[in-house]
1. If you go through the stretch 184-210, how many residues are open to solvent by 30 Å² or more (accessible area, probe 1.4 Å), in contact with a strand residue (DSSP E or B) (Cβ under 8 Å, 6 or more places away or on another chain) and not in a helix (DSSP H, G or I)?
2. Those residues that are within 15 Å of Ala97 (Cα to Cα) and touching a residue at least 60 places away in the same chain (Cβ under 8 Å), I need them from the stretch 122-137; list them, please.
3. If Val294 meets every condition in (1) within 24 Å of Val194 (Cα to Cα); (2) open to solvent by 10 Å² or more (accessible area, probe 1.4 Å); (3) of a type in the set (A, V, I, L, M, F, W, C) apart from one, which number is that one?
4. With respect to His150, is the statement that it is within 19 Å of Pro124 (Cβ to Cβ) and under 18 Å from the mean Cα position of the chain (by Cα) true?
5. Taking the stretch 211-239, which residues are closer than 15 Å to Leu167 by Cβ and open to solvent by 20 Å² or more (accessible area, probe 1.4 Å)?
6. Filtering the stretch 1-39 down to residues that are outside any strand (DSSP E or B) and of a type in the set (A, V, I, L, M, F, W, C), which residue is modelled with the lowest pLDDT?
7. If you check every pair at least six apart or on different chains, which have Cβ atoms under 7 Å apart with a residue in the stretch 167-192 that is without any contact (Cβ under 8 Å) to a residue 40 or more places away in the chain and among the small types (Gly, Ala, Ser) first and a residue that is open to solvent by 50 Å² or more (accessible area, probe 1.4 Å) and assigned to a helix (DSSP H, G or I) second?
8. Just need a number here: residues in the stretch 298-356 that are in a helix (DSSP H, G or I), in contact with a strand residue (DSSP E or B) (Cβ under 9 Å, 6 or more places away or on another chain) and β-branched (Val, Ile, Thr).
Amino acid sequence: MLLTCDDAWFGGWRGPSALTIEAGRLRYAGPANALAGDPGSDPDSDPRRAEPDGHLRGVVLAPFTDSHVHLGLIDAGALVAGGIGRVVDLGWDPEQAQSWPTIGADPASGWPEVSIAGPLLGAPGGYPSRSAWAPATAAVAVATSDDAKHAIDDVRAVGVSIVKITLNSDAGPVWSDETLDAVVGAAHDAGLPVVAHAQGLGQTRRAARARVDALAHTPFSERLDDDLLDDLARSMTWISTLAIHARPSGANGQGGDAYDIAVDNLARFHTRGGSVLYGTDLGNGELPLGLNGVELAGLSAAGLTPDAVLGSLTPGSGEPGYDTRLVTWMPDRPATIADLASSRILTLPALVREAE
């Protein structure tokens, strides 16, 4: 099926666009005016000359993604209604978590699409092994550098798309540099990126030195120095998670030392060109099941424009071969970050019904 729309966002604004739906997946197919094709070409052999099956008024966007959730602590079936079409689960019991991508791929489930990290890898006795929120099987201890490859092989067998490690010196022991390097190296050798929960003085610097690919949280333990931020902006992605630090007594629920430190670090990281992903740590406290207005306000406070926030919400959507079974729809391009509240997630059958 071929549809056109007034405007589209897939890795950036595309203007009037063509969209294809095949085997239950939608892809951006190029500018709508390219459908005219080459006037001298054979219409049966030139797909650009196909007649669209319908036109969608408004804006079609890649599904909004929350890049840091814990599905075991929330009602995943409520996320789509709240405006979230994709999630990355960053830590849970691997036996349970490995079923979630399959559930998320089923259009009848009502779930968002799901990627998983499986269990969190850390030092023996380290975070989150003593945390009330995490089942015992969600924390896997890697004792020495010799154990690194075996641990990565185990999580790879679960079907993870990313490895989560913990460097939380505020909550327990952390790895030596030797073991940290071995775990990150084994993950990279297996073709898996590494995201770190880095908390405590100096842990962000350690993550950077070990070539960690992403931070699960904007650093909030300390104000990072400019030289370190220069390096991080070139080598690392940060997941925002600002709303977990908000205080109800603050303006719009914001405020507090950790919040202020995180927003300041994120602002300076973003100014340097650092890559930012929208994420909430959903399951951590009373957070809304869907697009989080406090998180969006925090991104705005850190200086992200509406387009930059859209980029943080739609990772990978500009890459060749990107497809989806869910899309975000809006009546118009958002002029402000607050305008994102008018978005809604549509299944592809619903999108087709909207077409004229």
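The values are calculated or read from the model by the stated rules, or taken from the named source; none is laboratory data. Here the structure is a predicted model, which is why all the values come from computation and not from measurement. All Cβ positions, glycine included, derive from the backbone under ideal geometry; neighbour counts span all protein chains shown. The area values use the complete protein model at the heavy-atom level, side chains included, leaving out ligands, DNA and RNA. Shrake-Rupley method; radii C 1.70, N 1.55, O 1.52, S 1.80 Å.
1. Adding up the residues that qualify gives 2.
2. Residue satisfying the conditions is Pro135 alone.
3. With respect to (1) within 24 Å of Val194 (Cα to Cα); (2) open to solvent by 10 Å² or more (accessible area, probe 1.4 Å); (3) of a type in the set (A, V, I, L, M, F, W, C), Val294 is out only on (1).
4. In short, no.
5. Arg211, Asp213, Phe220, Ser221, Glu222
6. Ala36
7. Final answer for the pair search is Ala186/Lys149; Ala190/Arg156.
8. 2
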